[in-house]
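Remarks on the structure that follows.
Nothing in this text is a laboratory measurement; each read-out follows from the coordinates by a stated rule. Given the structure is predicted, the values throughout are model-derived calculations rather than measurements. Virtual Cβ from ideal backbone geometry, glycine too; neighbours counted across all protein chains shown.
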Number of protein chains: 4
Amino acid sequence: MNIAMIGLGKMGGNMARRLARGGATVFGFDVSAATRDQLSGEFANIRTFASVAETIAAMPAPRVVWMMLPHGQISENTLTELKGLLGAGDVVVDGANALYKESQRHGAELAEAGLEFVDAGVSGGVWGLANGYTIMLGGSKEAIAKVQPFVELLAPAADRGWLHCGPVGAGHYTKMVHNGIEYGMMQAFAEGFALLKAKEELELDVAEIAEVWRHGSVVRSWLLDLTADSLAKDKELGELQPFVPDSGEGRWTVLESVELGVPTPVIAGALYARFASRGNDDYGMKLLQMMRNAFGGHALTKK
Amino acid sequence: MNIAMIGLGKMGGNMARRLARGGATVFGFDVSAATRDQLSGEFANIRTFASVAETIAAMPAPRVVWMMLPHGQISENTLTELKGLLGAGDVVVDGANALYKESQRHGAELAEAGLEFVDAGVSGGVWGLANGYTIMLGGSKEAIAKVQPFVELLAPAADRGWLHCGPVGAGHYTKMVHNGIEYGMMQAFAEGFALLKAKEELELDVAEIAEVWRHGSVVRSWLLDLTADSLAKDKELGELQPFVPDSGEGRWTVLESVELGVPTPVIAGALYARFASRGNDDYGMKLLQMMRNAFGGHALTKK
Amino acid sequence: MNIAMIGLGKMGGNMARRLARGGATVFGFDVSAATRDQLSGEFANIRTFASVAETIAAMPAPRVVWMMLPHGQISENTLTELKGLLGAGDVVVDGANALYKESQRHGAELAEAGLEFVDAGVSGGVWGLANGYTIMLGGSKEAIAKVQPFVELLAPAADRGWLHCGPVGAGHYTKMVHNGIEYGMMQAFAEGFALLKAKEELELDVAEIAEVWRHGSVVRSWLLDLTADSLAKDKELGELQPFVPDSGEGRWTVLESVELGVPTPVIAGALYARFASRGNDDYGMKLLQMMRNAFGGHALTKK
Amino acid sequence: MNIAMIGLGKMGGNMARRLARGGATVFGFDVSAATRDQLSGEFANIRTFASVAETIAAMPAPRVVWMMLPHGQISENTLTELKGLLGAGDVVVDGANALYKESQRHGAELAEAGLEFVDAGVSGGVWGLANGYTIMLGGSKEAIAKVQPFVELLAPAADRGWLHCGPVGAGHYTKMVHNGIEYGMMQAFAEGFALLKAKEELELDVAEIAEVWRHGSVVRSWLLDLTADSLAKDKELGELQPFVPDSGEGRWTVLESVELGVPTPVIAGALYARFASRGNDDYGMKLLQMMRNAFGGHALTKK
């Protein structure tokens, strides 16, 4: 059981570890020599290489090549390089977050080159190493059959936590929607805990409340488990900035809602709250102040 | 261990059963004779009575009287009646959903009458009988101490799933926020599954996707467990109307957000989606059509 | 034509001026001696007094007493005082912004005291002196008939810009909805201009665009006129904080939407944007950061 | 002064009329012979032709060719055809709604063919014939100079109501944002009038209220003028379906907000309200019903 893992970062590294633990031989590539050495030092059955070309050259065919790279140019370049290195019967899996339409294009481009392509949505974050990853796959039956043995090692159990969702694109589409839901759930919790915190006269303990909700309540969930753990350590969050990044999937979900004409007020509301947390609404808010002054003579709040 | 349970409906009946199983003697009242007979037939230690007065009269003091009644007039009348029946050292628990401000008023009124009051937010739905209920309590330490033995039977375990949140009102406030979060989570799932369903060309199986997300994904949760079970039985939902009631807690959460000045776009968005599902935005939408016709000459869609 | 004006601030002062210009004799009260002297110095037919009691004592009956006071305690106290000073046939008008339910209570209280009450929603801001005020009235036909001569002076023209909307409460309800719409319109402009500003590569001139939209476009409006004037003077708004107050009417509109079950996503969205501009979502946003770190290992942005 | 008008529909036809009235000679094309005959019958200086090729052949160079066609394939095909018919110094204006990115691509394609391109956002609807159109232009100074004489006839006045916003794309971008604002304003009015209508006990007259707001209020606007006129004729809107189409610009605005990271909760909320009015949230709402039943045993509303 041989698999190439291209990209050994936070996600790819742990996936390599889980595959190695399961008995697979992993041919790993990462741009960082330190990362490569770390992985190959941990597991005898993780072999690392200093280039994609060397990684592929070292593997016997037919090959399964799993990419865990940032979407965008790095991913595009690597796919182009792989087209020149691989041959009929090989499968490329893109396990990073990517826009499903890009994955559909990638699938078509690889098919033209005689290669198979699978888009894999992978959920589980830093806990996937221990708990297993949920894996949502798009591709042909034949291609999925080739990656299935590895997916069974990555998922929480051989028969649970992975799904062949549909044709190429279906894996990343399903993952995109998953993350859209995640945005909405996270924001729902954020709003609720903010309401608990703001009700000062009741002196509610947000950490204790998060904990009690874990047992028997309707909102019990893995996100709540993590929230309770974190709040138990620091319930004031006094060191943090109210500044929330977003990494693409939430945006793609909203774009899709517009394209399909399906209203997603909660997912969009969650995304916009993050945009606003980063000051992206500042000009609009200044304009509102100015308008209030213009029609009502309301005092201005200046810097 | 004696406790009165006033109201033996969907929630109160199951809570009586769970208390009886745990060894408590339950003095139960319900307006429905059939409901009373059902409960007293099931458990020797559930005794039922045809009036609140008879129920209280049969109990030895000091008494814990747990109300599970619809909020509003029935609940108000029963509290008034209980003031006349109970004496010093007795505790009334309101375990139904109620606006925390009303509970604070009830607490003050009972205190004037020399009685103690506890507001209890109870979560767990129809599954609480088997799994236990999350219980969020507001009241004095003394009052909570009196209800604790019963709460320990109702919760998933004696030391888990219940919390003394704060003074009177804190239980129902915490439950209100819990339900607000629930609204947001439910809507997040609804939007996500709608996006899966609408992407017709990918022919995604929403039931299989719900199931796979239960294993290792970030959105795993009890609501997802229930959703997966339901979709496994019927994934088209073809018999249902797109008509979603709301029962007060979501509204109260939004009112509170306005009062506190804390933005809750996701919870409000979830509530408004339910309002719209019931046609409550029809006049506004007709007006939009009319406006489009007036400025742009766009054709009208008539009945 | 005699009228008392209780409160001579930004709104009340200009309304007194417009009434005096129209030929009415105004009996004015304000807590500020400087304000009183200013008004009585400007117009021979504005007489000012150092207390409400003196104001009323100086007026011949039957009296029309128009209050322009901040809603809340000052307004409540003045109504109580007026009940003791006025007599049958006198009318009290509350022309300030007030929750219509409070106005309905005030109307009932004054009716018990044999007095008439009119709630008047007044729109027009600092421009009302020159342009006239839109006035929305709630009250009995008899009461409205008594205030009509004054309302005709305040409105843009005797037969335009004022309306007897319905019974007591109808004036403030209509004004509340007016302001809710205003919140939505203002936010729509704020979002649009923010999108223009953010599209840096097109180097759009927001001031010129605001001006061109005033001529023939679908969004032409008085708010746009004011916006264009302000942007012509300062299109960067660099001195302003992105910090937007709200003064009650927007909140009341959202509360009413919840009570009526009518979805108002745009009005609520506009209100919440203001809440967020003031940092009221900070705790929630910190929690989101913390959650992202907990499940995905994403780096924290600290202070 | 010669200009070609390609597309003589609701917008293009009236623009041809306004140009002809202003003294321009219009070379008009439309697929409909009836439309062509109508226009050429009305004005001696509107000449119509049965094909784009004939239209262009009849015009002396240098030419200004103004397209008013539905965006998408028809527009693309016509641009391709025009590339073959026009020569150096000719300008093509796209005056229909189009995604600014498409217009930027069109500009680049025409530039390669040695032609100039102007994207023109045109606002004013069916009222533009009488009142003039707001026109927002993107293109080079040279190209704008060539279309300026015609734009001055189309705008409300020669020096008002038109703007050279920036390079190619800037006209359609500005128009897109204009329409996004329009969506938000329309929804704000729709929500407000729905709140007036829903408050049944006050028996408010929405037509009279719309009319009074036109005089002196903060929300006075052209959209309100139209609304008041329409409600004066029919305030119940009983014949209309609560079904609101959308025609692209609102969607593009939301897509842009996501791309730029600028929150637009009001514009997105307005768009989503339209989506929901068409039943596009039905599956999600059914799912919510099902979930409520699953956790709380709430009764289902079936067809």
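Structural remarks
- Loop-resident trypsin sites (Lys or Arg not before Pro) (DSSP state other than H, G, I, E or B) in segment B:95-196 with no more than 12 further Cβ atoms inside 10 Å of their Cβ are absent.
- At most 16 other Cβ within 10 Å, DSSP loop - GluC sites (Glu not before Pro), segment D:215-303: D:Glu236, D:Glu239
- Cα centroid separation, segment C:193-208 to segment B:1-70: 68 Å.
- Sorted from nearest, the other copies put their A:Pro149 label points 6.3, 7.8, 10.0 nm away, the label point being 7 Å from Cα in the direction of Cβ.
- If you plug the beta carbon distance of A:Ala299 and A:Met1 into 1/(1 + (r/R0)^6) with R0 = 56 Å, you get a FRET efficiency near 0.20.
- A helix-only calculation puts the protein assembly as shown at -17000 deg cm²/dmol for mean residue ellipticity at 222 nm, using -39500 (n - 2.57) for each DSSP H run of at least four residues, averaged over all residues.
- Each Cα pair under 8 Å and six or more residues apart adds its sequence gap; the mean of these over the residue count of segment C:2-167 is a relative contact order of 19 percent.
- Among the GluC sites (Glu not before Pro) found in segment A:182-216, those both in a DSSP coil and sparsely packed, with 15 or fewer other Cβ atoms within 10 Å of their Cβ, are A:Glu203.
- Helix D:141-154 and the longest principal axis of the Cα set of chain D meet at an angle near 70°.
- In the protein assembly as shown, the convex hull through the Cα atoms has an average projected area of 52.2 nm², a quarter of its surface area.
- Between helix C:100-112 and chain C: long-axis angle, C-alpha atoms, 0 to 90°, nearest 10: 10 degrees
- Spatial separation of Cα centroids for segment B:233-290 and segment A:120-192, in angstrom: 30 Å
- Residue exposure sequence - C:Leu163, B:Leu223 - by fewest surrounding Cβ within 10 Å: B:Leu223, C:Leu163
- With Cα atoms, 0 to 90° folded angle of helix A:170-198 axis to chain A main axis: 30 degrees
- Order of B:Thr253, B:Thr301 under a 10 Å beta carbon neighbour criterion, fewest first: B:Thr301, B:Thr253
- Relative contact order for segment C:1-98, counting Cα pairs under 8 Å that sit 6 or more residues apart, in percent: 29 percent
- Residue closest to axis [chain A; rotation mapping onto B; Cβ; Å]: A:Ser221, 2
- Shortest-first nm distances, A:Arg105 label point to equivalent points in other copies (7 Å, Cα→Cβ): 1.1, 6.1, 6.2
- Dipole of chain C [Lys/Arg +1, Asp/Glu -1 at C-beta], most positive-end residue of C:Gly250, C:Gly132, C:Leu226: C:Gly250
- Inter-copy label distances at B:Ser32 (7 Å, Cα→Cβ; nm, one decimal): 6.2, 6.2, 6.5
- For chain B, the relative contact order works out to 12 percent when only alpha carbon pairs closer than 8 Å and six or more residues apart are counted.
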